[in-house]
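The values are calculated or read from the model by the stated rules, or taken from the named source; none is laboratory data. Given the structure is predicted, the values throughout are model-derived calculations rather than measurements. So basically every Cβ, Gly included, is an ideal-geometry build from the backbone, and we count neighbours across all protein chains shown.
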C-alpha cells in the first residue's frame with residue numbers, strides 16, 4: 001500500500017497525528033482543568049478558554065505536522081503497539097502464526113542496516129519490466145502485475161480498481177474503477193494558479209527529478225523526466241471530479257457492462273487487465289468517474305510510449321520509496337512530510353514500522369492489542385453510551401418541527417437498523433495466505449499490498465460481509481459506513497483521556513459521547529441521508545422535507561464558509577458540510593443523552609465548573625490542537641473536516657444549551673444571531 005499519499009476516511013471523525021510516547025492510567029480525568037485559560041471569556045472564544053493553556057504547553061514536536069489531543073493519544077497508543085511488536089519479534093518457536101507474522105514483519109522493517117545495504121536494487125526488476133514494454137497494448141498486463149498493485153483509492157498509475165457495495169443493491173459487491181494516477185494529493189494542486197500552488201508544483205518537480213537521480217539518472221535527464229510526469233499528471237487531473245462533486249453519491253454511480261467500459265476507454269485492454277487480476281469474465285461494474293476514463297484514454301493515445309514509460313517509472317519509485325534505502329525515504333519525507341505538511345524531522349523508524357504493521361497486518365496486531373489493553377467492561381460501557389445517544393436521536397427525530405410524519409417513519413427505521421460495532425471485529429481476519437519472510441522488508445510490503453488487493457477483489461460478485469471492519473482495533477478514530485449502515489468505534493479511541501469509567505458523566509458525554517453522536521449523525525448528513533436503512537442509494541424523503549433539510553444544511557455551509565483557515569484561505573463549506581453537520585448534531589445528541597442519563601440526580605459543580613460547563617469544556621478539549629501552516633493549507637484542499645477551532649466555536653455558537661451554561665449574551669461571538677440547527 002502506498003504510504004506516501006494523504007488519505008482520508010470520508011465519514012471518519014478526524015485526521016490523526018503523531019506524538020511522543022507516554023502511558024495513560026485509567027484514572028486520568030477526561031476533563032483537564034489545567035488545560036484551560038480562564039482569563040479568556042468563554043462567550044468570546046470558547047476554544048481558547050478550553051484549550052489555551054494546553055496549546056501553550058504543548059508545542060508541535062519536530063516530527064509532527066500538528067499536535068492535538070487525539071494525536072497525543074495516538075502516539076501513546078503507538079508506544080504500546082511497539083512493546084507488542086518488539087516482544088513478537090523475539091525468536092520464539094512456540095509463538096502462533098499471527099504473532100510470528102507481525103514479529104517478522106516488524107523485525108524486517110526495523111533492520112535499517114539490511115535495507116540500506118540493498119539500496120535501489122529491490123526496485124530494479126520493476127524498472128526493467130517498464131523498460132521492456134513494447135507498446136501501449138502492454139499497459140494492461142503491466143499494471144495488473146506490477147510490484148505494487150493497482151491502488152484501491154487513487155494512488156498508483158492510471159486508475160484505482162477495487163470492489164464496493166452496489167449502491168442500488170447493498171447486499172451485493174461489484175467491481176469498481178475510479179480516477180487515480182496522481183502524485184500530488186489532489187487534482188487542485190495541478191490546476192490552481194495562485195502563487196502558493198505554483199510554488200508547490202515547482203517543489204514537486206524538483207522532488208520527482210531528485211527521485212529519478214537517486215535511481216542513477218543524470219540531473220539533465222531527471223529534470224526532463226520530471227517535466228514529463230508533471231505534464232501527464234496535469235492532463236489526468238483535468239478529467240477528475242472535485243472533492244465537493246464526490247460528496248454527491250449519485251454522481252459516483254455509473255453501472256455498466258465490461259463491454260461498455262471498453263468502448264469508453266478503448267485503448268486500454270480491459271479484458272487483459274481483468275483476466276490478469278483474477279476477475280476475468282466480469283459482467284458489470286461501477287465506473288465511478290466516466291469522464292476521467294475518457295480523459296485517460298485520450299492521454300494514452302496522445303503521449304508517446306517513451307513518455308509513458310517515464311510516468312510508470314516515477315510511480316514505481318514513488319510507491320516503493322519508503323521501503324528503500326534512507327536516501328529515498330529522506331527525499332520522500334522532504335517533500336510529502338516537510339514541504340506539504342511542515343514537519344521538521346522524519347519520525348523515528350520504530351514509529352514508521354509500527355504504522356506499517358498496523359497498515360498491513362492490522363487485525364493480527366489488533367488482536368494482541370485488544371487482549372492486553374481493552375477490557376470487556378470498556379466495551380460494555382461504550383455500548384451503553386452509544387445506545388443512550390441513539391435513544392436521544394430517536395426522540396429528536398420524533399419531535400422535529402420541520403419533518404413530516406412519512407419521512408420521520410423512514411428515519412426511525414434507518415436509525416433502528418444501525419449496527420453498533422465496538423472495539424474489534426467478532427471474527428478476526430485470516431492472514432495465513434500472506435507470506436512474511438524475515439529479512440525481506442520490501443518483499444513483505446509488496447506481498448502485503450497484493451494480499452490486501454486480492455482480498456478486496458475476491459469480494460466481487462459475493463454477498464456483503466457486514467461484520468467486516470474498515471479500521472484496525474488500535475486506531476484512534478471512528479467512522480460511519482453509509483452502505484453497511486453501521487457505526488464503528490475501535491478499541492483505541494475508547495480510553496483515557498477521551499473516555500473513562502472513573503470520570504463523572506458530563507465529560508464522558510462531552511467527549512466520547514459527542515464522537516458517538518457525530519458518527520450517528522453521519523447517517524443523516526448530506527451524504528448519509530441519501531442511503532436507506534439497508535444501505536441502498538434511495539430517496540426516502542418527501543420532496544418538501546428534503547428541501548427543508550437542504551435549507552438547514554445550507555445554513556451550516558454558509559456559516560463555515562465564512563471562517564478563515566490561514567491567510568486568505570476560507571473553509572470550503574461545501575466540502576466540510578457532512579462533518580460540520582455531524583459535529584453539530586452529534587454534540588446536541590450527546591448533551592441530550594447525558595441529560596437523560598443523569599435525570600433525577602443532583603449534580604454538583606466540580607473545579608468551579610457546573611456540570612453543563614463540564615460537558616462543553618470536555619467537548620472543546622477534545623479538539624485542542626496546534627498545527628503548522630503548511631498542514632493547514634493542505635487540509636484546506638483535501639480534508640472534509642473543519643479546523644479544530646471551528647469544530648469547537650462553530651458548534652457551541654449555534655447551541656442555546658451552551659449560551660445558557662455560560663450565561664452568554666446576545667451579540668457576543670459565541671452567540672450566533674441566526675443559529676443553525678438540523679437534527
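Here are the numbers for the structure shown:
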item	result
Qualifying residue in segment 282-290 (condition: assigned to a helix (DSSP H, G or I), at pLDDT 95 or above and over 29 Å from residue 128 (Cα atoms))	yes
Within segment 221-259, tally of residues that are closer than 19 Å to residue 298 by Cα and part of a loop (DSSP other than H, G, I, E, B)	3
Flag if residue 215 is modelled with pLDDT under 95 and outside the structural domain of residue 536 (by TED's automatic domain parsing)	no
Test: residue in segment 340-356 that is free of Cβ contacts under 8 Å to residues at least 40 places away in the same chain and part of a helix (DSSP H, G or I)	no
Residue in segment 649-658 that is surrounded by 23 or more Cβ atoms within 10 Å (Cβ to Cβ), under 17 Å from residue 582 (Cβ atoms) and under 20 Å from the mean Cα position of the chain (by Cα) present	no
All positions within segment 118-136 that are in a helix (DSSP H, G or I), surrounded by fewer than 13 Cβ atoms within 10 Å (Cβ to Cβ) and touching a residue at least 12 places away in the same chain (Cβ under 8 Å)	125, 131
Some residue of segment 288-309 being in contact with a strand residue (DSSP E or B) (Cβ under 7 Å, 6 or more places away or on another chain), buried (at least 17 other Cβ atoms within 10 Å of the Cβ) and either more than 30 Å from residue 574 (Cα to Cα) or not assigned by TED's automatic domain parsing to the domain that holds residue 163 (or both)	no
Selection within segment 596-629 - part of a loop (DSSP other than H, G, I, E, B) and either out of contact with any helix residue (DSSP H, G or I) (no Cβ under 7 Å at 6 or more places or on another chain) or not assigned by TED's automatic domain parsing to the domain that holds residue 651 (or both)	599, 600, 601, 602, 604, 605, 608, 628
Helices (runs of 4 or more DSSP H) (entirely within segment 45-114) containing at least 2 residues that are touching a strand residue (DSSP E or B) at 6+ places or on another chain (Cβ under 9 Å), modelled with pLDDT of 95 or more and in the same structural domain as residue 473 (by TED's automatic domain parsing)	46-57
Candidate set from segment 554-580 (those that are in a helix (DSSP H, G or I) and in contact with a helix residue (DSSP H, G or I) (Cβ under 6 Å, 6 or more places away or on another chain)); member that is nearest to residue 508 (Cα to Cα)	580
Qualifying residue in segment 532-543 (condition: farther than 26 Å from residue 478 by Cα, part of a helix (DSSP H, G or I) and modelled with pLDDT of 95 or more)	yes
Members of segment 572-587 found to be surrounded by fewer than 24 Cβ atoms within 10 Å (Cβ to Cβ) and either more than 13 Å from residue 526 (Cβ to Cβ) or not assigned by TED's automatic domain parsing to the domain that holds residue 647 (or both), listed by number	572
